[in-house]
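Below is one structure, written out as structure tokens; comments come after it.
The values are calculated or read from the model by the stated rules, or taken from the named source; none is laboratory data. Note that this is a predicted model, so its numbers are computed, not measured. Every residue, glycine as well, gets a Cβ built from its backbone with ideal geometry; the counts of neighbours run over all protein chains shown.
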Amino acid sequence: MTVRSLLFATIFFLVAVTAQAAEGLNGQVKECASLLPQGKKYQVSVVYDIDTTGETSSVTGSFSIDWAPGYMPTTQEEEKVFKELEPFIMCVGPIFAGASEKSEG
């Protein structure tokens, strides 16, 4: 096998593994999304800050869920609405925490 063939094979393998890993995370989030109340749109954000400037790298992250623009629960609705989000949050929380722990290792 030539060096060029080996390089292309390695690149193809890395792309395939990366796509499979992304689908794994996306698949898990899709499963959790079924726990959200129907009939609304949500914006879910996961942000990781990675600092490699020190002796050891540090990874911190945050997770947020917001209603799509155009919907904001009233003060009277807030408690009920947040309670409805709890199953989704409990489902995705460990997924993102696990991803964070793997990055730190």
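Do we find that Leu36 is out of contact with any helix residue (DSSP H, G or I) (no Cβ under 6 Å at 6 or more places or on another chain), surrounded by 10 or more Cβ atoms within 10 Å (Cβ to Cβ) and either part of a strand (DSSP E or B) or not hydroxyl-bearing (Ser, Thr, Tyr) (or both) in this structure?
No; evaluated as a whole, the condition is false for this residue.
Which residue pairs have Cβ atoms under 8 Å apart, sit 6 or more places apart or on different chains, and have a first residue in region 64-86 that is part of a loop (DSSP other than H, G, I, E, B) and a second that is at pLDDT 80 or above and among the polar types (S, T, N, Q)?
Correct list of pairs: Ala68/Gln43.
Quickly run through region 37-62 and pick out the residues that are touching a Phe, Trp or Tyr at 6+ places or on another chain (Cβ under 9 Å) and farther than 24 Å from Pro94 by Cα.
Result: no residue meets the conditions.
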